[in-house]
Amino acid sequence: MKRIASFAINHDKLKPGLYTSRVDGDVVTYDLRTIIPNCGTYMDNGEMHSFEHLFATYARNGEAADKIIYFGPMGCRTGFYLLVRDTLSPSSAIELVQKTLGEIAAHNGEIPGASPTECGNAAEHDLPKAKALAERMAKALAGWTKERLVYEE
């Protein structure tokens, strides 16, 4: 079987940050890596779930809404994938992520889409941990540039 591109990345060298994972036609996949892989500490489900709801909601309500295809967690619980149209420049993608992290960190109130009629696992959310994750990632991505979007070899 052909090895998929995301398995070809050296996970021993990955650090929290934002990386261009792949480009498929007009779709760019960004790797928002929140945890060092294989370190023994991973996002828990409530934290990851709430972060995903908040990121998707804020990003899809912003200026780049029509360029966002998908935002969701990695099964390994070390990050998220953000899929966008290639009409969103790399610099704009970084700005989008940084702005959205700030909005999550400052979020007050209920988690969007977290009621039982809107969500398939409404009981498993953790807003304080999602906000703390956003704060950590905002610090990690401070000063991030398009040159840093490349995975380390």
Residue that is nearest to the chain's Cα centre (by Cα) [pool: residues in region 133-153 that are in a helix (DSSP H, G or I) and under 18 Å from LYS13 (Cα atoms)]: MET137
Which residue, of ALA130, ALA64, is under 16 Å from the mean Cα position of the chain (by Cα) and free of Cβ contacts under 8 Å to residues at least 40 places away in the same chain? ALA64
If I filter region 1-52 down to residues being β-branched (Val, Ile, Thr) and assigned to a loop (DSSP other than H, G, I, E, B), which single residue comes out as surrounded by the most Cβ atoms within 10 Å (Cβ to Cβ)? THR34
Of everything in region 94-110, what is surrounded by 15 or more Cβ atoms within 10 Å (Cβ to Cβ) and in a loop (DSSP other than H, G, I, E, B)? Give them in sequence order. HIS107
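Every residue, every condition in (1) of a type in the set (Gly, Ala, Ser); (2) under 16 Å from LEU149 (Cα atoms), yes or no:
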residue	(1), (2)
VAL27	no, yes
GLY46	yes, no
ALA56	yes, no
PHE71	no, no
SER89	yes, yes
ILE104	no, no
GLY113	yes, no
ALA130	yes, no
Single unsatisfied condition, LYS139 versus (1) among the basic types (Lys, Arg); (2) in contact (Cβ under 8 Å) with a residue 40 or more places away in the chain; (3) under 20 Å from MET48 (Cβ atoms): (2)
Does GLY113 satisfy being assigned to a loop (DSSP other than H, G, I, E, B), modelled with pLDDT of 95 or more, farther than 24 Å from PRO37 by Cβ and in contact with a His (Cβ under 7 Å, 6 or more places away or on another chain)? yes
Restricting to region 68-93, count the residues that are in contact with a strand residue (DSSP E or B) (Cβ under 8 Å, 6 or more places away or on another chain), surrounded by fewer than 19 Cβ atoms within 10 Å (Cβ to Cβ) and part of a helix (DSSP H, G or I). 1
Flag for ALA122 being hydrophobic (A, V, I, L, M, F, W, C) and more than 15 Å from GLU52 (Cα to Cα): no
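The values are calculated or read from the model by the stated rules, or taken from the named source; none is laboratory data. Note that the structure is predicted; figures quoted are calculated from it, not measured. Neighbour counts are summed over all protein chains in view; Cβ atoms, including those assigned to glycine, are modelled from backbone coordinates with ideal geometry.
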